[in-house]
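What follows is one structure encoded as C-alpha cells, with my remarks underneath.
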Amino acid sequence: MSNRLKICLFTGLIFATMPAIVFAKTVRNLRDLIGEIRSILNLTIPVIIGLAVVLFLWGVLKYIQAGDDATKVKDGKNMIIFGIIGLFVMVSVWGLVNVLVRTFFESSPQPVQFESENSESVLD
C-alpha cells in the first residue's frame with residue numbers, strides 16, 4: 001500500500017473513534033477504563049474488519065485479472081491469504097477480549113427463574 005493510502009486509512013480510523021473520545025466520561029477505576037477501551041474497540045474493530053474484507057476482495061480481483069502473468073497471480077494469492085489471516089486474527093482477538101472482559105469485569109449473571117402458569121417456580 002502506498003503511504004498516502006495508509007495515511008488516509010489511519011485518519012479515517014481516528015475520525016471514526018472521535019465521538020467516543022470526545023464524549024468520554026471521567027474514569028474512576030479499572031472497570032471504567034476497561035469499559036471505555038472496550039467501547040472504542042467496538043467502534044473501530046468493525047471498520048478494520050471491513051478493510052480486511054476489502055483487501056481480500058481486492059486480492060480476488062487481482063487474481064482473476066492476472067491471467068497468465070505469474071507475478072500478478074502470486075500477488076493476488078498473497079493478498080487473499082493476508083486478508084483471510086487478518087480476518088481470522090481480528091475476529092479471534094475481538095472474541096477473546098470480549099470473553100475476558102465479560103468474565104472478569106462484568107457482574108455475575110442472575111439465575112433464570114422459570115415460572116409455570118400458576119406463578120409458582122418450576123425449580124422449587
*Could you check the simple spin-label distance between LEU100 and ILE49, using points 7 Å along Cα→Cβ, in nm with one decimal?*
1.8 nm
*R0 = 30 Å: FRET efficiency of PHE10 with ASP68, Cβ-based, nearest 0.05?*
0.25
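With a 10 Å Cβ neighbour count serving as the proxy for reagent exposure, in which order, fewest first, do PHE56, PHE15 appear?
Values: PHE56 19, PHE15 9.
Ordered from fewest to most neighbouring Cβ atoms within 10 Å, PHE56, PHE15 come out as PHE15, PHE56.
Using 1/(1 + (r/R0)^6) with R0 = 35 angstrom and r between the beta carbons of VAL60 and ASP32, what's the FRET efficiency to the nearest 0.05? Kindly include the intermediate steps, with their values, before the conclusion.
Details: r = 43 Å, r/R0 = 1.22.
Rounded to the nearest 0.05, the efficiency is 0.25.
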*How large is the dipole of the range 26-104 about the Cα centre if only Lys and Arg carry +1 and Asp and Glu carry -1, each at its Cβ, rounded to the nearest 20 debye?*
220 debye
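Laboratory data are not the source of any read-out in this text; all were calculated from the coordinates shown. Being a predicted model, the structure only gives us computed values, none of them experimental. So basically every Cβ, Gly included, is an ideal-geometry build from the backbone, and we count neighbours across all protein chains shown.
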